[in-house]
Amino acid sequence: MELPAEVRQRVEELKNKLAGAGEPGERISLLLRLCEELMVVAPEEAEPFGTEAARLAEECRDFFGLARAAKMLGDLAFLRGDIALGQKFANQVMEAARAINNRRLEGSGYYLLGVADGATGRFDKARENYEKALHIWEAEEFPEGVTAALNQLGGLFVTSGQPGKALSCYQECLKRSLAKKETYPVAIHNYNVGLTLVLLGRWEEAAEHLYRAIALSEQHGFEGLRCNALNTLGELFLKRDRPDRAIEMFQTVIAAGRRKAIIPDLFIDALANLGEAYFRKRDLASASKVYAEALAVCAESGNRLGEAALHWRMAELELANGQLERAESLAFRAYELASALGLQREEAEALRVQAQVLAERGDMNAARQRFEQALGLLANTEESYELARLRLQFGRCLFRAGMNQEAVEQLRKAARVFRMLATVAEAEEANRYLFRLELTVDQETALLQAVAGLAALGQDAAKFLDQALRLLREGLLFTESLLMVDSRPLLVHGSPDIDKARALSASPEPQATGTSLYLPVRAGNIVAGCVFLERTEHLEQEHKRAVLQTLGNLLFGAVQELAAAKTVPEPPEIAGLQYAGVIGRNPVMLRNLAIVKRVAGATVPVLIRGESGTGKELIARALHASGPRMGKPFVAVNCAAMPEQLLEAEFFGVEKGAATGVVARKGKLESADGGTVFLDEIGDMSPALQAKLLRVLQEKEFERVGGRVPIKVDVRIVAATNKDLAGMIDQGLFRKDLYYRLNAVELVLPPLRERREDIPELVRFFITRSSREFQRPVTRVSPEVMAIFLAYDWPGNIRELQNVIERAVILA
């Protein structure tokens with residue numbers, strides 16, 4: 001790899017000196033300095049120098065030089081995942097240090113033994129060795145050693161579920177390194193502090209530390225650390241219910257793993273995280289492919305801890321696929337591996353998935369036993385995402401079994417932790433179950449608690465309001481809803497009477513009939529907008545004024561925020577178009593939006609072409625939201641590079657009995673009935689699936705995998721690609737008949753470099769959103785920065801601009 005200039009210069013100077021050195025002692029010293037220079041930025045180049053230093057030192061019986069060389073070689077062995085070799089070097093350090101009674105180097109031996117113990121799951125022994133090293137180095141007044149031992153103890157506390165203790169260790173490390181102005185240690189301790197803050201739910205602080213680690217790593221060429229920070233930052237975004245942003249980060253790390261630029265453990269972790277992100281997006285085919293690759297890397301590197309974690313993740317995936325026997329087998333294997341390694345958290349995860357399988361089989365008693373066993377394993381750990389997820393799923397199981405009181409207890413504990421951690425999707429699910437349970441006892445209290453719980457998450461205004469309106473519909477027994485500001489619909493579900501809502505919008509007070517409810521969203525004398533709920537069936541229902549006023553108050557801030565976010569006025573030719581986010585004033589985009597509005601009510605397929613990051617899914621959602629399918633499902637399918645059989649099962653679903661132990665499962669097409677299916681990266685779909693998709697477009701029916709009964713569906717197909725489909729047709733890679741079917745209406749989105757007039761408006765929008773999300777008082781960019789933005793070509797388009805702004809806001 002290309003070395004940073006300052007490192008390259010020092011290395012060349014040392015090599016020149018080495019070439020002229022004759023004395024063994026001088027050669028050993030220069031070899032060790034070369035190894036030390038290269039360890040961080042180019043470890044594969046460092047090892048030969050360390051090996052030669054160790055050989056010479058042993059030959060000369062230079063125990064001091066031998067201990068130093070063995071220490072560096074041990075660090076390098078652990079870095080590439082060779083635990084056995086690392087332990088061998090650790091023992092060599094101990095022997096050499098004791099031979100010359102060097103306490104400082106003896107501390108290094110204990111330190112390396114701690115690394116070996118930690119890597120093989122002997123955490124108590126690892127902690128003991130690190131504490132021995134710490135005490136020796138404190139007595140020897142060796143500050144670098146003290147920092148290293150504290151750093152490793154922090155890692156053990158993280159592994160054992162004690163992030164609070166870990167944070168204290170890491171903050172002390174960062175304080176020491178900042179005082180000494182050490183570049184690499186400051187970068188790595190920023191990373192560790194960020195990692196721990198993620199676990200504690202202090203995500204705004206976490207993001208700042210992680211981005212600082214990334215910035216230093218990029219500046220100084222610390223590729224491994226950069227990838228570690230990106231991986232952890234991706235985990236943060238995944239927990240904040242931003243899977244697309246997380247996927248970008250995981251893919252960057254994985255690309256480095258495939259180049260062998262990072263250690264196998266990090267490569268495995270990034271693959272597992274990417275699988276989790278796809279799983280959360282319900283892209284089960286992509287998740288399966290990624291998990292399989294991760295498992296292969298585990299086998300190659302001998303990473304048993306990663307193997308245990310992957311098995312329970314894969315079990316959860318098979319459960320979602322309806323493959324109960326496969327899920328049960330994988331979960332049992334995960335438990336076996338975790339038990340053998342003494343990994344209590346992984347044991348608990350395996351038991352959690354086993355419990356879900358048993359619950360799916362209807363064996364609630366056995367499922368409850370597994371859940372309780374898993375809770376017992378985590379009883380002595382601090383509150384965490386993993387523990388809250390376990391409680392959520394246990395509460396869900398108890399709810400299904402009719403054990404309502406016990407379900408409420410577990411769900412309340414889970415909801416409290418999820419709110420504290422701001423894990424949006426899980427908190428919303430816990431709230432939803434609590435709402436259903438409490439709705440039967442006190443409808444109005446349940447509704448207020450549920451909406452207040454959502455508001456406490458601090459999520460994006462549009463997401464909060466969409467979920468809040470769903471709760472209002474469910475809790476107050478309505479089927480359709482409308483959020484309106486200044487007579488302009490912002491969020492619509494179903495087909496409410498917009499004219500009737502407009503007629504009521506002048507009233508500052510709630511209005512209720514047997515079929516509708518008008519609710520002004522107000523705080524004091526200020527009205528931000530209104531909510532209109534409607535149903536076809538007449539139902540006499542009393543609504544307490546105080547409850548409705550409180551609901552209006554809870555929605556007030558988010559309605560103001562959403563209204564402010566719609567910063568682009570709608571031109572007359574696309575009045576009524578429903579879309580989220582800032583589009584801008586570029587003429588080509590406005591023409592595209594005008595087409596979207598004209599064809600939104602039709603059923604013809606639409607093909608959206610454009611480079612990655614130009615907003616193809618945003619336009620697809622605008623099509624869906626602007627027509628009669630609004631309020632029905634919008635289901636996205638990623639067609640990219642998936643094995644045909646996996647994508648087919650995800651697309652069409654699976655019939656019960658298609659294979660041993662398989663239960664029936666709906667596919668994306670069936671789930672989207674009445675709505676829209678968005679086929680992203682359609683150019684990557686296999687020829688066989690292209691033929692089956694053509695049949696769906698022609699006949700509006702399909703069969704599940706393993707099924708023989710045709711299933712009729714009413715879906716609109718919207719496809720997107722960044723490829724030249726016409727060229728692919730010429731190469732025989734894409735069916736011409738399917739192309740013409742999909743291309744009934746074609747939209748071509750311009751790249752950002754061709755719509756520079758929109759950049760200032762996009763910048764303002766992303767600054768506002770990022771400042772709000774990460775609680776930073778940033779309001780604008782300087783004219784100099786805006787000039788740079790306007791001159792840059794933005795190969796990653798709007799997505800790249802968004803990421804740059806987000807990072808800058810956090811670091812500002």
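The values are calculated or read from the model by the stated rules, or taken from the named source; none is laboratory data. These numbers come from a predicted model, not from an experiment. Cβ: placed from backbone, ideal geometry, glycine included. Neighbour counts: every protein chain shown. These accessible areas exclude ligands, DNA and RNA; they are computed on the full protein's heavy atoms, side chains included. Shrake-Rupley method; radii C 1.70, N 1.55, O 1.52, S 1.80 Å.
Some values worked out for this structure:
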item: Condition check for Phe250: at pLDDT 90 or above, surrounded by fewer than 24 Cβ atoms within 10 Å (Cβ to Cβ) and within 17 Å of the chain's Cα centre (by Cα); result: no
item: Among (1) open to solvent by less than 30 Å² (accessible area, probe 1.4 Å); (2) of a type outside the set (Gly, Ala, Ser); (3) touching an Asp or Glu at 6+ places or on another chain (Cβ under 8 Å), the one test that Leu310 misses; result: (3)
item: Residues that are surrounded by fewer than 24 Cβ atoms within 10 Å (Cβ to Cβ) and charged (D, E, K, R), drawn from segment 270-307; result: Glu276, Arg280, Lys281, Arg282, Lys289, Glu293, Glu300, Arg304, Glu307
item: Residue satisfying all of: in segment 321-355; over 22 Å from Phe394 (Cβ atoms) and of a type in the set (S, T, N, Q); surrounded by the most Cβ atoms within 10 Å (Cβ to Cβ) among these; result: Gln323
item: Sole residue being free of Cβ contacts under 8 Å to residues at least 40 places away in the same chain and closer than 21 Å to Val804 by Cβ, chosen from Arg242, Arg258; result: Arg242
item: Looking only at segment 84-116, and only at residues there that are among the polar types (S, T, N, Q) and in contact (Cβ under 8 Å) with a residue 12 or more places away in the chain, the one that is nearest to Glu59 (Cα to Cα); result: Gln92
item: Qualifying residue in segment 697-715 (condition: closer than 17 Å to Phe652 by Cβ, assigned to a helix (DSSP H, G or I) and not aliphatic (A, V, I, L, M)); result: yes
item: Among the residues listed as Gly667, Gly707, Gly683, the single one being farther than 24 Å from Ser626 by Cα, open to solvent by less than 50 Å² (accessible area, probe 1.4 Å) and touching a Ser or Thr at 6+ places or on another chain (Cβ under 8 Å); result: Gly683
item: Filtered residue count, segment 41-54, keeping only those that are over 23 Å from Asn303 (Cα atoms) and part of a helix (DSSP H, G or I); result: 9
item: Pair list, Cβ under 6 Å, 6 or more apart: segment 336-362 residue outside any helix (DSSP H, G or I), other residue among the small types (Gly, Ala, Ser); result: Gly342/Gly121; Leu343/Gly121
item: Selection from segment 139-187 of residues that are in a helix (DSSP H, G or I), among the hydrophobic types (A, V, I, L, M, F, W, C) and touching a residue at least 24 places away in the same chain (Cβ under 8 Å); result: Ala139, Val146, Ala148, Ala149, Leu153, Leu156, Val158, Ala166, Leu167, Cys173, Val186, Ala187
item: For Thr614: the one exception among (1) crowded, with 19+ Cβ neighbours inside 10 Å; (2) assigned to a helix (DSSP H, G or I); result: (2)
item: Count of segment 474-487 residues which are farther than 16 Å from Thr513 by Cβ and in contact (Cβ under 8 Å) with a residue 60 or more places away in the chain; result: 3
item: Subset of segment 439-459 [assigned to a helix (DSSP H, G or I), over 17 Å from Arg416 (Cα atoms) and open to solvent by 40 Å² or more (accessible area, probe 1.4 Å)]; result: Leu439, Gln443, Thr445
item: Segment 747-763 residues that are assigned to a helix (DSSP H, G or I), paired with ones that are open to solvent by 10 Å² or more (accessible area, probe 1.4 Å) and acidic (Asp, Glu) (beta carbon under 6 Å, 6 or more apart); result: Arg753/Asp793
item: Odd one out for Gly601 among (1) modelled with pLDDT under 85; (2) assigned to a loop (DSSP other than H, G, I, E, B); (3) among the small types (Gly, Ala, Ser); result: (1)
